[in-house]
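A short write-up of the structure that comes next.
The values are calculated or read from the model by the stated rules, or taken from the named source; none is laboratory data. Quantities reported herein were computed from a predicted structural model and do not represent experimental measurements. Ideal geometry is used to build each Cβ from the backbone, glycine not excepted, and the neighbour counts take in all protein chains shown.
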Amino acid sequence: MSHDTSFLSALDLADDQVSVADGRRESHAADWGASQLDEGVLPDAVVYPESTADVSAVLAAATERDVPVTPYAAGTGLEGNAVPAHRGISLDLTRMDAVVAYRPDDFQIDVEPGIIGSAVDDRVARDGLFFPPLPSSGDISTIGGMIATDASGMQTVKYGEIADWVLGLEAVLADGTVIRTGSKAVKTSSGYNLTDVLVGSEGTLAVVTEATLELAGRPAQKRGARAIFETLDAATEAVSDVVQSGVDVARIELVDGLSGMMANEYLGSDLPDAPMVFLEFHANHGVDEEVALCRTIFAEYALDRFETSAGETEMADLWAARRDLAYAVASYDAALDPLHPGDVTVPISAYPEIVHEAKRLADEADLLVPCFGHAGDGNLHYSVLVDRSDPEMVERGEELYAAIVERAIDLGGTATGEHGIGRGKREYLDLEHGSGAVEAMRSIKRALDPTGTLNPGKIFPETVDGGRVRDPTSGE
């Protein structure tokens, strides 16, 4: 259903801050994951706020007129998080990309949500600082998007996820009210932790307009390594042992033989056709001892060889294949498409089991399923490749994809380690959390956004009522 957005002309916005052009609207009806989900719908208008006041004015006016608002930034999401489900306004925050304040003595920086993640690192590098939890897409995705999905990446095993590095937020509620959460102190026990409530809420509770991020000192020593194993089971068991043994590793990434082959075809690289683990070690002293300990543990698990690198160029080459794996998988075979972006995470002790199960199910279904991921925190990325013109193959693929998610939850894990729920994982919310917890989430949504203005159709499954699609969080 279209919504009347003519009221935007009465707000204090410049002409170039509002667009109803088809091209602009079409570009905001998709993100990276849109081709793997049901297509999004065109927003009725795209608005480019340039300040918190702009965001507040748009939300207040939209809520008063019952017009949905979907926050949008770089469009790098994989679960349709920022794709409108009910037209309305696409609120593009990319113009709000400033560094508001920088306090190197406190290891803190205040930024607007549209700033690209790597730009934060660039800004603080001269002081020997960095923002540790940046995901692999940190050079193309925004801080606001990372906060919305509570993103994480290759260095999570050592440094944690985005939520661990957000000290406070400025955010705008659906009715236009501006709030501040958290504190610039590194700890507080004052009141409800609204910062953590908003982190990971995917723009369904409020629109973040400023974030106070904690920074860390750059490690004095770095070492990279690649381990090649005889079997995939040996590789996953070795990873589990290294993490459980407390080896101080900053990155530990799994790449199965199939993924390596796909990377070779895409990049022209010469990775071995065997299971691999890519590693990086950070320390201020004693890094070589950590590398040696890791090598010793790996040697107990059918290790073929263990190679190290210390130079920046060597380490960049080492990580290039892993960073581009998503592109490699997508371009592997023109007749095959990835169904959905697999993104499960399990306790580290269960990591060997979930990887083994994914491969077993793939063999049983006779489908290609490359497996890779941030192994050190129990995260498995997998892609189920199917010919979309073959309904029976697609059905097998859907069953396989779901079986891996359900097994991860059964092992005490999660349906989504870092991509969020969006539209793609809504059906697993009850299974993972239970109906009582999900109803508590809905209560929070109703309390902060009683009209269902903010990003309707995300996170919670929708229901059909009298032939009309209804968001159950709206209370209607």
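So which residues in region 163-194 are buried (at least 18 other Cβ atoms within 10 Å of the Cβ) and in contact with an Asp or Glu (Cβ under 6 Å, 6 or more places away or on another chain), if there are any at all? Scanning region 163-194 gives Trp165, Leu167, Glu170, Ala174.
Within region 260-284, residues that are under 17 Å from Ala227 (Cα atoms) and free of Cβ contacts under 8 Å to residues at least 12 places away in the same chain sit with their Cβ atoms under 8 Å from residues that are surrounded by fewer than 20 Cβ atoms within 10 Å (Cβ to Cβ) and of a type in the set (S, T, N, Q), at 6+ positions apart or across chains, in these pairs: Asp270/Asn264.
Among the candidates Ala62, Ala53, the residue that is assigned to a helix (DSSP H, G or I), surrounded by fewer than 18 Cβ atoms within 10 Å (Cβ to Cβ) and outside the structural domain of Tyr327 (by TED's automatic domain parsing) is uniquely Ala53. Those helices (runs of 4 or more DSSP H) of region 349-445 in which at least 1 residues are at pLDDT 95 or above and in contact with a Cys (Cβ under 9 Å, 6 or more places away or on another chain), considering only elements entirely within it, cover 351-365. Please indicate, with yes or no, whether at least one residue in region 215-232 is out of contact with any strand residue (DSSP E or B) (no Cβ under 7 Å at 6 or more places or on another chain), at pLDDT 95 or above and hydroxyl-bearing (Ser, Thr, Tyr). Among the residues of region 215-232, at least one is out of contact with any strand residue (DSSP E or B) (no Cβ under 7 Å at 6 or more places or on another chain), at pLDDT 95 or above and hydroxyl-bearing (Ser, Thr, Tyr), which makes the answer yes.
Yes or no, residue by residue, for (1) in a helix (DSSP H, G or I); (2) surrounded by 14 or more Cβ atoms within 10 Å (Cβ to Cβ):
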position: Asp270; (1), (2): no, no
position: Phe281; (1), (2): no, yes
position: Ile297; (1), (2): yes, yes
position: Asp304; (1), (2): no, yes
position: Thr313; (1), (2): yes, no
position: Arg322; (1), (2): yes, yes
position: Val329; (1), (2): yes, yes
position: Tyr332; (1), (2): no, yes
